[in-house]
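The values are calculated or read from the model by the stated rules, or taken from the named source; none is laboratory data. What you see is a predicted model, and the numbers here were worked out from it, not measured in a lab. Neighbour counts run over all protein chains shown; Cβ positions are idealised from the backbone, glycine included.
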Amino acid sequence: MLHQVVKAFDRVVHFEEARAHCDIPCGIYDPHLAQVAALTVIRMVDLMEELSKGPEVEAMVFHNSMARYIAVKEEHAELLKKEVRVIYGDYIKQEHLDKYPELAGLVHKIFQLGSKARQSVNRAQALELLAAVNRFAEIYWETKGIATKRVKAPYKPSEEMVLPVL
């Protein structure tokens, strides 16, 4: 009955229609964390290579540092996948998929590259992961009607990332 009263009142007042992606309409999504995670994967690969090719260090120091680099690389590759999964699952709608037919394949590629980043120490693959996440960020901001720009990260590994022009 309450629904009928509100519906009748709406015909007179014309309430603004509310839309939400979930039961708590926060509307806060940003691919930035996925991009930083991709940069972190690249940085950990770089540090692992430096440690392996650098001056000889005590075995315990080597193993401790290497274990920490691997753990951080693993954590950030998984974080990246989680962030993309949440945006794709909660924000992306059919109209976005229609407008950007590459999107589903791109997300699948990000998931695969994220898994490869965990399994290997390959800078080229890590750069490919960042490129895919950057493309995902471009599409995301386009769906919001916000222009983007590419800038070099102000920290190592100093690779390019996509940022919104605010």
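Any residue in the stretch 55-81 that is surrounded by 12 or more Cβ atoms within 10 Å (Cβ to Cβ) and in a helix (DSSP H, G or I) sitting within a Cβ distance under 8 Å of a residue that is of a type in the set (A, V, I, L, M) and at pLDDT below 95? List the pairs, counting only those 6 or more apart or interchain.
Here the result reads Ser65/Val57, each pair linking the stretch 55-81 to a residue that is of a type in the set (A, V, I, L, M) and at pLDDT below 95.
Quick test of your reading of the structure: Asp90 fulfils all but one of (1) under 17 Å from the mean Cα position of the chain (by Cα); (2) at pLDDT 95 or above. Name the failing condition by number.
Every listed condition holds for Asp90 apart from (2).
Restricting the search to the stretch 108-147, which residues are under 15 Å from the mean Cα position of the chain (by Cα) and of a type in the set (S, T, N, Q)?
Within the stretch 108-147, Gln112, Ser115, Asn134 meet the criteria.
Just to check your reading of the model, which residue among Ala77, Ala67 is at pLDDT 95 or above and closer than 26 Å to Glu160 by Cβ? I'd like the intermediate steps shown before the answer.
Values: Ala67 fails: closer than 26 Å to Glu160 by Cβ.
Criteria check complete, one pass: Ala77.
Report yes if Lys82 is touching a helix residue (DSSP H, G or I) at 6+ places or on another chain (Cβ under 8 Å), of a type outside the set (A, V, I, L, M, F, W, C) and modelled with pLDDT of 95 or more, otherwise no. Walk me through how you get there before you give the answer.
Numbers: touching a helix residue (DSSP H, G or I) at 6+ places or on another chain (Cβ under 8 Å): no; of a type outside the set (A, V, I, L, M, F, W, C): yes; modelled with pLDDT of 95 or more: yes.
So Lys82 fails the test.
Hey, any hits in the stretch 64-83 for a residue that's within 14 Å of Asn134 (Cα to Cα) and of a type in the set (D, E, K, R)?
Among the residues of the stretch 64-83, at least one is within 14 Å of Asn134 (Cα to Cα) and of a type in the set (D, E, K, R), which makes the answer yes.
Have a look at Gly27, Gly105, Gly54 and point out the one that is more than 16 Å from Tyr140 (Cβ to Cβ) and among the small types (Gly, Ala, Ser). Show your work before the answer.
Details: Gly27 fails: more than 16 Å from Tyr140 (Cβ to Cβ); Gly105 fails: more than 16 Å from Tyr140 (Cβ to Cβ).
Going through Gly27, Gly105, Gly54 in turn, the sole match is Gly54.
Would you mind listing the helices (runs of 4 or more DSSP H) fully within the stretch 82-166 where at least 1 residues are in contact with a Pro (Cβ under 6 Å, 6 or more places away or on another chain), in contact (Cβ under 8 Å) with a residue 40 or more places away in the chain and over 23 Å from Arg43 (Cα atoms)?
Working: elements: 94-99, 103-119, 123-143.
Because the criterion is at least 1 residues that are in contact with a Pro (Cβ under 6 Å, 6 or more places away or on another chain), in contact (Cβ under 8 Å) with a residue 40 or more places away in the chain and over 23 Å from Arg43 (Cα atoms), the helices (runs of 4 or more DSSP H) in the stretch 82-166 that meet it are 123-143.
Could you say whether any residue in the stretch 113-128 is in contact with a Phe, Trp or Tyr (Cβ under 8 Å, 6 or more places away or on another chain), surrounded by 13 or more Cβ atoms within 10 Å (Cβ to Cβ), under 21 Å from Lys152 (Cα atoms) and hydrophobic (A, V, I, L, M, F, W, C)?
First pass over the stretch 113-128, keeping only residues in contact with a Phe, Trp or Tyr (Cβ under 8 Å, 6 or more places away or on another chain): none.
For the stretch 113-128, residues in contact with a Phe, Trp or Tyr (Cβ under 8 Å, 6 or more places away or on another chain), surrounded by 13 or more Cβ atoms within 10 Å (Cβ to Cβ), under 21 Å from Lys152 (Cα atoms) and hydrophobic (A, V, I, L, M, F, W, C): absent.
Is it true that Gln35 is polar (S, T, N, Q) and either modelled with pLDDT under 95 or in a loop (DSSP other than H, G, I, E, B) (or both)? I'd like the intermediate steps shown before the answer.
Details: polar (S, T, N, Q): yes; either modelled with pLDDT under 95 or in a loop (DSSP other than H, G, I, E, B) (or both): no.
Criteria not met by Gln35.
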